[in-house]
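Trainee: Below you will find the structure I want to go over with you.
The values are calculated or read from the model by the stated rules, or taken from the named source; none is laboratory data. Nothing here was measured: the structure is a model prediction, and the numbers come from that model. Glycine also receives a Cβ, built like all others from the backbone with ideal geometry; neighbour counts cover every protein chain displayed. Please note that ligands, DNA and RNA were not included when accessible areas were found on the heavy atoms of the full protein model with its side chains. Shrake-Rupley method; radii C 1.70, N 1.55, O 1.52, S 1.80 Å.
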Amino acid sequence: MDEDQVLGFVTAYLRKKGFTQTEHAFQEELQQNKNTSSANSLVEPDIAKQILSFSKLESGPARFHDGYSRLRSWAYSSLDLYKHELLRVLYPVFIHCFIDLVAKGHIQEARNFFNIFREDHDMLHLRDLQKLEGVLSPSHLQEMEFAHSLRQSKFKIKICEYSYELLLQHLHNTQSTTILGIINEHIDFQVTSGQPSAISDDPEAVTLCGSSQDAANQINQKEMHWGLLEDSLEERLEKSGALLSDSEKGEGEAKEGENEENKKRSIEGGKQGASIKKVKKEKGGSASGKSAKPETTPAAPRVKPELPLPIIQTEVEQSILEDLRNRVQLSSVALPSVSFYTFLNTHNGLSCSSISHDGSLVAGGFSDSSLKVWDMAKLGQQTVNSLSQGENDTAQNEQILGQSGGRRQYTLFQGHSGPVYAASFSPVGDFILSSSADSTIRLWNTKLNANLVCYKGHNYPVWDVQFSPVGHYFASASHDRTARIWSMDRIQPLRIMAGHLSDVDCVQWHANCNYIATGSSDKTVRVWDVQSGECVRIFIGHRSMILSLAMSPDGRYMASGDEDGTIMMWDLSSGSCLMPLVGHTSCVWSLAFSCEGTLLASGSADSTVKLWDVTSSAKLPRSDEKGGTTNRLRSLRTLPTKSTPVSSLRFSRRNLLFAAGALARNG
């Protein structure tokens, strides 16, 4: 039954029932519709063709390429006053155009799009692009955590009101509905009134972490008491003038490797051994130079402790004072002796390593959830089997054969249910902490060879744990994006530091124990007040995840190493960057300052230990930083290993440098 027949039946029904007025109104409406349809019939074919062609264009993969290309050309041709703000939009649009192409199955078009435009973003977002390079199918997107986080979160972009209106006007004029949809769904604009922000306020334009330079500068204005603790052992020693001659210091250094029963609790103790970080899953800001010589400990101001400090036993205090009297003074012309411990036959199972403060104990954490501790004094001895026990008090006897065939002894600690990612000795060496993928931290007694406490609080793997310089307190860093402060006598954390926007990969205590520093996969370093839990410094400048941190002995400077091999030196008092130290070709896994703060040692996955002159690096003006000359000035010596990535470093109190790593089998 066609439409005319239906209309005829309706008209007959109205006439039969006597609805005369309704019938006339119905007839008039029919006549009006016929006139309108005849008038529109001339333009309908043209409209239909336009709609058809537009739908075909907007449904094909070319719409992403064309839309982004138009937006890119327009942004680069904008007025200089607004260009830097408009260019910020390109990176998130580029990322989501690529992801949408892959999700729709246009793999080849996605690769072509990625390769054509990626060089626009290599400078600031190289690590993110390298992760996305491996996406070859829609299933990869579902499995990749990084891609999933991109889909779920929004980029935060600060832009002035006029720039925002220019952008919307361009999108509407070009009818870029695809790009407009991406921007609406994945970008959160923070529109401000007035003139555009200066380029120097936001050197990287936009990153996933969303931390802008102006926000960091505001936080860095907070007061930070970076000095050393009052009435420290070193201060007392300096006042008494009890310094030994060079010959006496030489005799003291010869005692460095001895195993001492009641070894030491340090007040300004050295840096805890940094652990290998499991690689999980950009900052191009230029920081102002600073031509200030790092101050030595006597010049550092004195501060009061914010945490109740543990009491130091008399014999431990005497041992520390003896070490300080026998300390060897290091400089650019007096480099340290280095003792390197190499793990053999680990079969790629070593996850981390740590060295005690006197070098007498070396610990290794393994992917099979075990923690092993070697006593250096017993390595060459063929003695009875070592006794070890876990939390369940089950004893196990372990022996290994060394390269020479002699029996080497270690103590096995078992209790974790996942790979051990970090280990840290207490200043005295009688305790060791371990953190694991099982989200727990365990405290072990190296005298009793037993697990004492299991600390639970993190919800995800714990990447790093570090004892404080005075012992008793320790800090942890986790995949749950938090750092936590603990004490040995409490199973719950004392403080939770939240603020990073990705994994907290490493943690380090300040020399006065009033602050901790954290390095994150969000490419920033933060410093926190342990008493209030407040963030007092944010350092932006790295272009990849931060894997290692070190604090200078006087408490004023901090060094951070990243996945690219770059080391940044920071001034904690001013919140500024001194300068980058460039030379490593792979991840910087460990950093350590010498005891007087004149040298910095760095250990890397490129199988080298580098020694840097901190004094000359801090004094060098920015104008002299050209080419390789400055690198030669800053880098004093490179110590290569045969094939051993350097996982941990430690300066002893007498300034002997210890290093450790697992021999890598090439091929």
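Trainee: Among LEU591, LEU657, LEU600, LEU649, which is the only one that is at pLDDT 90 or above, surrounded by 22 or more Cβ atoms within 10 Å (Cβ to Cβ) and in contact with a helix residue (DSSP H, G or I) (Cβ under 7 Å, 6 or more places away or on another chain)?
Mentor: Exactly one residue qualifies, and that residue is LEU600.
Trainee: Take MET123 and tell me if it is closer than 26 Å to ASP522 by Cβ, open to solvent by 20 Å² or more (accessible area, probe 1.4 Å) and at pLDDT below 80.
Mentor: yes
Trainee: Under 6 Å between Cβ atoms, at least 6 apart or on separate chains: pull out the pairs that start in the range 175-202 with a residue that is within 17 Å of LEU90 (Cα to Cα) and end on any residue that is at pLDDT below 80 and assigned to a loop (DSSP other than H, G, I, E, B).
Mentor: ASP202/SER212
Trainee: Something else now. Are any of the residues in the range 125-133 in contact with a Phe, Trp or Tyr (Cβ under 6 Å, 6 or more places away or on another chain), part of a loop (DSSP other than H, G, I, E, B) and either farther than 21 Å from GLN175 by Cα or among the hydroxyl-bearing types (Ser, Thr, Tyr) (or both)?
Mentor: No, the conditions are met nowhere in the range 125-133.
Trainee: Name the strands (runs of 3 or more DSSP E) wholly inside the range 501-599 in which the number of residues that are touching a Pro at 6+ places or on another chain (Cβ under 8 Å) and among the aromatic types (Phe, Trp, Tyr) is 1 or more.
Mentor: Hits in the range 501-599: 504-509, 557-562, 588-593.
Trainee: What single numbered condition from (1) at pLDDT 80 or above; (2) in contact with a helix residue (DSSP H, G or I) (Cβ under 8 Å, 6 or more places away or on another chain); (3) part of a helix (DSSP H, G or I) fails to hold for ILE157?
Mentor: That leaves (3) as the condition not met.
Trainee: Select from the range 521-535 the residues that are under 9 Å from the mean Cα position of the chain (by Cα) and either surrounded by fewer than 24 Cβ atoms within 10 Å (Cβ to Cβ) or more than 22 Å from ARG650 (Cα to Cα) (or both) and list them in ascending order.
Mentor: Hits for the range 521-535 are SER521, ASP522, LYS523, THR524.
Trainee: Taking the condition of being outside any helix (DSSP H, G or I) and either touching a strand residue (DSSP E or B) at 6+ places or on another chain (Cβ under 9 Å) or within 15 Å of SER163 (Cα to Cα) (or both), how many residues in the range 58-77 meet it?
Mentor: So the answer is 1.
Trainee: Would you mind telling me which numbered condition in (1) surrounded by 24 or more Cβ atoms within 10 Å (Cβ to Cβ); (2) under 13 Å from THR518 (Cα atoms) ILE538 fails?
Mentor: All conditions are met except number (1).
Trainee: When residues of the range 471-500 are filtered for being farther than 14 Å from ASN459 by Cβ, touching a Leu at 6+ places or on another chain (Cβ under 9 Å) and outside any strand (DSSP E or B), how many remain?
Mentor: 3
Trainee: Now, a different point. Report yes if some residue within the range 293-311 is buried (at least 17 other Cβ atoms within 10 Å of the Cβ), basic (Lys, Arg) and either more than 20 Å from SER648 (Cβ to Cβ) or modelled with pLDDT of 80 or more (or both); otherwise report no.
Mentor: No, the range 293-311 contains no residue that is buried (at least 17 other Cβ atoms within 10 Å of the Cβ), basic (Lys, Arg) and either more than 20 Å from SER648 (Cβ to Cβ) or modelled with pLDDT of 80 or more (or both).
Trainee: Moving on to the next point. For LEU167, which of the numbered conditions (1) open to solvent by 40 Å² or more (accessible area, probe 1.4 Å); (2) at pLDDT 85 or above; (3) within 34 Å of the chain's Cα centre (by Cα) fails to hold?
Mentor: Checking LEU167 against (1) open to solvent by 40 Å² or more (accessible area, probe 1.4 Å); (2) at pLDDT 85 or above; (3) within 34 Å of the chain's Cα centre (by Cα), the one that fails is (1).
Trainee: Just to verify a result, which residue in the range 501-517, among those that are touching a Leu at 6+ places or on another chain (Cβ under 9 Å) and of a type in the set (A, V, I, L, M), is farthest from TYR557 (Cα to Cα)?
Mentor: Filtering first and then ranking leaves LEU501.
Trainee: Also: Answer yes or no as to whether ALA475 is in contact with a Phe, Trp or Tyr (Cβ under 8 Å, 6 or more places away or on another chain), closer than 20 Å to SER439 by Cβ and hydrophobic (A, V, I, L, M, F, W, C).
Mentor: Against the criterion (in contact with a Phe, Trp or Tyr (Cβ under 8 Å, 6 or more places away or on another chain), closer than 20 Å to SER439 by Cβ and hydrophobic (A, V, I, L, M, F, W, C)), ALA475 qualifies.
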